[in-house]
Amino acid sequence: MPANPQLNANGELQHLLSIEGLPREILVQILNTAESFAGVTEREVKKVPLMRGKSVFNLFFEASTRTRTTFEIAAKRLSADVINLNVAVSSQSKGESLLDTVANLSAMQADVFVVRHASSGAPYLIARHVKPHEHVVNAGDGRHAHPTQGLLDLYTIRHYKKDFSRLIVAVVGDVLHSRVARSLIHGLTTLGVPEVRVIGPQTLMPAGVEALGVRVFHDMRAGLKDCDVVVMLRLQNERMSGPLLPSAQEFFKNFGLTADKLALARPDAIVMHPGPMNRGVEIDSPVADGPHSVILPQVTFGIAVRMAVMSIVAGN
Amino acid sequence: MKLLIKGGRVVDPASGRDEVGDVFVSEGRVVNSYKDKPEKTIDAKGLVVAPGLIDLAARLREPGQEYKATLESEMDAAVAGGVTSLACPPDTHPPLDEPGLVDMLRRRAKALSRARVYPVGALTVKLKGERLTEMSVLADAGCVAFSQANVPITDTQVLWRAMQYAATFGFPVWLRAEDRWLAGDGVAHDGEVATRLGLPGIPPFAESIALAVALHLVRSTGTRTHFCRLSTAVAVDMIRAAKQEGLPVSCDVAIHHVHLCELDLGYYDSSCRLEPPLRSQRDRDALAAGLADGTIDCAVSDHTPVDDNQKQLPFAEAEPGATGLELLLPLVLKWGAARKLPLARTLARVTSDAARVLGVRSGRIEAGAPADLVLFDPLESWRVVPAALRSQGKNTPFIGYDMPGRVRTTIVAGNVVWQA
């Protein structure tokens, strides 16, 4: 296996491509840095000058509103210049190759590329070809990874639960197609969570998922028992009926989070969702809006976490 | 023209001969000896003298994809790698489904006078799996077998009829066993690595299910069938059983799959984007063992030149395939050495056994056989770098590796076609 492409020669974070393979210290460094930024976002002047004069290119080969916006806010709060490129409808549709697009943007003096791409591994390809002073932050690639989402999930869990070492965390739904699930699972196991569970039908579990260090449950009630954290995954519309599932209704019946199922978890359990939610498919509205839900704080924390990631890579 | 190859270690896999000696060549054929003085003598001291390699799968990219490779570049690569005969799959553009295309390919190849080229014709028109090609016309034009390359026939009725029709004339059918529905949009072995990398997977039973279907059809039709590019341990077991049963089957493995497995994908190394996908370590070990015990008849290069533009892409989007003609001999030697096989048995899988599948007289060193020979230094190692490759395809998972076995001279029909 070649050297970890995310780290520079000093073992510091050069690019953020995946949570897998990152040492615990770096994850903790990101979470601590994010914590220090959390205050900034509550100040009247919500800016720090850490990335003044630097350029952040938001390079979204796949449509996204929420993630792109939070990256943009995070970069602006770091005083960086932000350039948003909706590549899905520009050069790529004219036949320009991914690496040519990146080379052209690189010629415009970028410091950080925030990349989202429908193909797993695309940010690795870009990271292999950028200049040494340029940094790549993966904002979601195919089914592979969404590391800043994983980190904000970790941040949220730490915020509410303080200690990772005694938790039971369940990730529920479409694990097969979920980059969010993969990133969070790697983060949880790296930070020492003793039990990570995945819950869903066999059709939505990737082959050999146990090798990621998780316990697999097909019965949601059994899987939720005594959980401290419940993470619901988004089910894409196009997968709700077909060869993987019969219908959204049947999915909700078996794997949707309702108040009575949640009652099987610990009384102080928190409920998370990366958004956007399908109410009545993976989560019942009373739960999404209820006292256990930390879904909106997740969004807020996401800005601090993305500030932390960008300031750390840009400083290395 | 009389040629004498003097003092080399003569290895003939067909007979098991392995001794220092001379090889006499006259009028393009190996002869026992001759009285008069040879017109040319090659000193083979310290070199292995073996039959030239027969590669059952090498894409030359002609016609249609000359920007990826040309017949010139790939025929150079063949003889530089000691390959003196090669079969090319029908997945050219357009596919080899018309006699004119086959004829042109053979003429072009012949004019270059390097390796012998054996076209494999398309089993169905445009490889679409719908209508049969004119197999007997294509056979007249020079096709040695009929195949779907990497495009499986999804309609089992068509597959059945195609095999029946081929059997009518005794034509062999070469199939790669893959259930297209199960393979879906997969690009990697459906296992731990694909799960970690988030790549759509191809389950191993995509191969064994299609193989089971095809074996049933072989049983019913009696079609002489060669299964291409086995990738799973289960398939090796199935072929072993089919041979024990007496079915007229043979099979091959791409040399990559004997050495590499899913772990070699690393961080999305697109040079490991291959068809079929690299599978688990267990599968790889079963393939290497099956090749050693003869269940798998041959190793092939599965040579597929791909240009950099098509490889410098995210893994799933990258074009499958790797260059291989110049790596077949070293990689077979590496496999044989790792399994401690005698050199004659090692080389059999790329010479005499391949000749048997192809139905040709080459692949052996005996009186009357075509003088297709390779002389190589078994001790000299070389490093795989793009500049060292004659092929226009520079993409291989083995870039940076040191390879054993340096080809010194390649001879086809008694003519020296390559000299290092």
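The values are calculated or read from the model by the stated rules, or taken from the named source; none is laboratory data. Quick caveat, the model's predicted, so the values are computed rather than measured. Cβ sites come from the backbone with ideal geometry, for glycine too, and all protein chains shown count toward neighbours.
Checking each residue in the range B:311-350 for being within 14 Å of another protein chain (Cβ to nearest Cβ), touching a residue at least 24 places away in the same chain (Cβ under 8 Å) and either farther than 21 Å from B:Tyr401 by Cβ or in a loop (DSSP other than H, G, I, E, B) (or both) picks out B:Gln312, B:Leu313, B:Pro314, B:Ala316, B:Ala318, B:Glu319. When the range A:7-20 is filtered for residues that are farther than 14 Å from A:His146 by Cα and of a type outside the set (A, V, I, L, M), the ones remaining, listed by number, are A:Asn8, A:Asn10, A:Gly11, A:Glu12, A:Gln14.
Taken over the range B:276-312, the criterion of being among the aliphatic types (A, V, I, L, M) and farther than 24 Å from B:Ala58 by Cβ is satisfied by B:Ala286, B:Ala289. Of all residues in the range A:1-46, those that are within 14 Å of chain B (Cβ to nearest Cβ) and in a loop (DSSP other than H, G, I, E, B) total 14.
Within the range B:298-329, being at negative phi, among the acidic types (Asp, Glu) and buried (at least 24 other Cβ atoms within 10 Å of the Cβ) holds for one residue alone: B:Glu326.
Scanning the range A:129-142 turns up at least one residue that is in contact with a helix residue (DSSP H, G or I) (Cβ under 9 Å, 6 or more places away or on another chain), surrounded by fewer than 20 Cβ atoms within 10 Å (Cβ to Cβ) and either within 11 Å of chain B (Cβ to nearest Cβ) or without any contact (Cβ under 8 Å) to a residue 12 or more places away in the chain (or both). B:Leu341 meets all of the listed conditions (1) of a type outside the set (Asp, Glu); (2) buried (at least 24 other Cβ atoms within 10 Å of the Cβ); (3) within 25 Å of B:Gly290 (Cβ to Cβ) but one, namely (2).
Just the residues that are among the charged types (D, E, K, R), outside any loop (DSSP other than H, G, I, E, B) and buried (at least 21 other Cβ atoms within 10 Å of the Cβ), please, taken from the range B:103-157. Within the range B:103-157, just B:Arg116 meets the criteria.
Among the small types (Gly, Ala, Ser) and under 17 Å from the mean Cα position of the chain (by Cα): is that true of B:Ala44 in this structure? No, not satisfied. Kindly indicate whether any position in the range B:278-294 is in contact (Cβ under 8 Å) with a residue 40 or more places away in the chain, of a type in the set (Ser, Thr, Tyr) and within 12 Å of chain A (Cβ to nearest Cβ). Yes; the residues of the range B:278-294 include at least one that is in contact (Cβ under 8 Å) with a residue 40 or more places away in the chain, of a type in the set (Ser, Thr, Tyr) and within 12 Å of chain A (Cβ to nearest Cβ).
Yes/no matrix, rows are residues, columns are (1) in contact (Cβ under 8 Å) with a residue 24 or more places away in the chain; (2) over 27 Å from A:Thr65 (Cα atoms); (3) not aromatic (Phe, Trp, Tyr):
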residue	(1), (2), (3)
A:Ser241	no, no, yes
A:Pro246	no, yes, yes
A:Leu257	yes, no, yes
A:Asp260	no, yes, yes
A:Ala263	no, yes, yes
A:Pro267	no, yes, yes
A:Ile270	yes, no, yes
A:Pro274	yes, no, yes
A:Val281	yes, no, yes
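Taking first residues from the range A:286-300 that are part of a helix (DSSP H, G or I) and surrounded by fewer than 16 Cβ atoms within 10 Å (Cβ to Cβ) and partners that are modelled with pLDDT of 95 or more and aliphatic (A, V, I, L, M), the Cβ contacts under 8 Å between residues at least 6 apart in sequence or on separate chains come to A:Pro286/A:Ala259.
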